[in-house]
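Please treat every number below as a calculation from the coordinates, not as lab data. Predicted model only: the values in this text are computed from it and were never measured. Cβ placement follows ideal geometry from the backbone for every residue including glycine, while neighbour counts extend to all protein chains displayed.
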Amino acid sequence: MTERSVFIRGCLYLQNKKHILIVGAGYAGLHAARKLSSSLGKDTSITLIDKNDVHVRLSELYEVAGNRVEPRLVATPIKKYVKRASFLKGEVKKIDFIQRKVSTDADILKYDYLILAVGSEPEFFRVPGTREHSFPLWTLEDAKRIKDHIGSMFVSAQEEQDAGRELLNFVVCCGGLTGVEVAGEMAEWFVALSRKYNVSKDQVNLILVEALADLLPTLRPSLVDKSKRILKSKGVQIMVNSPIARVGPNYVELKSGEKIMTRTSIWAAGICANRIVDGLGLKTFGRNRIGVNKYLQVTDHPEVYAIGDCAYFITDDGTPLPQFVEAALQTADCAAHNILAELKGKSKKEYKPKIHGTVVSIGSKYAVVDMVNLPLIGGLAFSGFLAMLLKHLFNIYYIVRDLGDVGLAFEYIYGRVLSNRR
């Protein structure tokens, strides 16, 4: 008997074949595609969909914004990593969960299993002016825009004898992981920029503003104190208990009424699930994340899985799964395993998150490490150059193990350790 085929707007499918669609090629989606494609036979096809054709390592964007590395070192063509799966560049417009169809701006694709790995985007918390006047750091284009803008501020300051405070005041909004990494990176770059454009370092103000009582709320207090000391030694001004009320074209206004005059406010105050989730009609929780069960299946749609930042999974301690890279990779592993298990008639496994900790870099040579759940030793906390080295090793490990790209690993080492763009 020959297999029947069906043609849907440019895509030819064999009806007897199982089709797995993955929407989103970030950490979670790409990892799921690679995991599935390494284990499935010819009777199953995989299509990975993303509106971009490059995989961007978002956790390294602050290095691009701070002019430490070239943009090409954090972005690689997706097709390079999905050789056993199909890649479709397109933006998802609609998902019909009853007919099991995904409509993009290029095709309509049918699926037997669907993995939603649509990721997240900046959360502005309805603070007036943030969307219009601040600089989020969430895409490669964001990072380039910040880098170019900061350079232009120093150029303008050099050209204006009496440069106003607006030009050389730089505000990083939020003292979480991203905010601290951005502040540390910028502090180092500003030294080089001041020298290049003959601007006195005393004129340059880098201000880290946090609404809570302290920075880095997920880290143990000793590491928070060390982080603050190193930031201050680099010239970063730290303002805690300072929620932001409004952002304008040339100021950041705090709820206390104080105004910081600036043309540069970098917004790093949190994330929410990608806005595509709004139109899917799924049950969502906490900043628009998709509700999933213990197997990462979407509520009411067992053939659909949600993974990574867009999935709302409650851990054993009653808190939502953190939106970390490690969590994204773990959820991708679990969803891929469960789809494979269903295809082979085996039992699915529950997702058991095991987040090992956090590494926060503060400039190019210093970091803090707060690890938990380590084999034999349990927890571990330290800081300094060795902590920075550990962060590099984690990134290289991802590049080699998860992407399988040894050449990129060598480029990483050269770009971060052996060269100096500044």
### Query
Please identify the trypsin sites (Lys or Arg not before Pro) of region 71-106 that satisfy two criteria: DSSP loop assignment and at most 14 other Cβ atoms within 10 Å. Which are they?
LYS83, ARG84
### Query
Could you give the dipole magnitude of region 280-373 about its Cα centre, charging the beta-carbon of Lys and Arg +1 and that of Asp and Glu -1, in debye to the nearest 20?
100 debye
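At most 15 other C-beta atoms within 10 Å and a DSSP loop state: those are the exposed chymotrypsin sites (Phe, Trp or Tyr not before Pro) I care about. Give me the longest piece of the chain that has none.
198-422
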### Query
Do the sum for the chain: with -39,500 (n - 2.57) for every DSSP H run of n ≥ 4, divided by all residues, what is the mean residue ellipticity at 222 nm, to the nearest 500 deg cm²/dmol?
-8500 deg cm²/dmol
### Summary
Note on the chain, DSSP bridge orientation, antiparallel percent to nearest 5 equals 55 percent
### Message
Which three extents, in angstrom, do the Cα atoms of the chain have along their principal axes, listed largest first?
### Response
82, 50, 42
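Under the definition of Cα pairs under 8 Å and six or more residues apart, what whole-number percent is the relative contact order of region 350-414?
The value is 22 percent.
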### Query
Across region 257-399, how many lysine pairs separated by 8 or more positions, or lying on different chains, have Cα atoms within less than 20 Å?
9
### Task
Determine the dipole magnitude for the chain: charges of +1 sit on the beta-carbon of Lys and Arg, -1 on that of Asp and Glu, nothing else is charged, the reference point is the Cα centre, and the result goes in debye to the nearest 20.
920 debye
### Task
For region 357-418, just the Cα atoms, rotate onto the principal axes and tell me the three extents in Å, largest first.
33, 25, 13
## Note on the structure
Straight-line reach check, LYS196, cutoff 21 Å on alpha carbons, 8 or more apart in-chain or any other chain, hits among lysines -> LYS144, LYS147, LYS234
### Message
Tell me the relative contact order for the chain as a rounded percent, counting alpha carbon contacts under 8 Å between residues six or more apart.
### Response
17 percent
### Query
Given springs between every Cα pair under 10 Å in a Gaussian network model of the chain, which of GLN330, GLN297, GLN237 has the largest fluctuation?
GLN237
### Task
Any of LYS94/LYS255; LYS51/LYS232; LYS228/LYS255; LYS42/LYS79 with alpha carbons more than 31 Å apart? Name them for me.
LYS94/LYS255; LYS51/LYS232
### Task
Evaluate the relative contact order of region 130-267 (contact order divided by residue number), counting alpha-carbon pairs under 8 angstrom at least 6 apart; express in whole percent.
33 percent
